[in-house]
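Some notes on the structure that comes next.
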Amino acid sequence: MANNQNNRNNNGNGNMSYEEAGRKGGQATSNNHDQEFYEEIGRKGGEASSNQGNGNNDNTNNNKMSREEAGRKGGEASSRSSNNN
């Protein structure tokens with residue numbers, strides 16, 4: 001199991017894996033931005049996706065969460081996790 005963990009952290013040549021780089025980048029972004037930032041990008045994503053003209057205007061989307069709602073919830077979760085550190 002420990003070897004599997006090592007494979008996630010680097011690719012054997014001392015360089016960081018994409019997974020590790022993404023995790024560290026996400027953590028750094030979370031540390032540098034507040035909830036309002038994530039709410040705003042979620043709102044913009046929701047607006048952009050609703051303006052794509054896919055012909056589906058019923059907003060039910062099979063009970064899936066909107067991108068705006070996902071951004072808001074992500075901002076809340078990031079805010080909580082950064083406040084706990």
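The values are calculated or read from the model by the stated rules, or taken from the named source; none is laboratory data. Given the structure is predicted, the values throughout are model-derived calculations rather than measurements. Cβ sites come from the backbone with ideal geometry, for glycine too, and all protein chains shown count toward neighbours.
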### Query
Mind checking which pairs have a first residue in region 14-32 that is under 19 Å from GLU76 (Cα atoms) and a second that is in a helix (DSSP H, G or I) and not acidic (Asp, Glu), Cβ under 8 Å, 6 or more apart or different chains?
SER30/SER78; SER30/SER81; SER30/SER82; ASN31/SER82
### Message
For region 55-63, check the following and say yes or no: at least one residue is surrounded by 14 or more Cβ atoms within 10 Å (Cβ to Cβ) and either at pLDDT 85 or above or over 13 Å from the mean Cα position of the chain (by Cα) (or both).
### Response
no
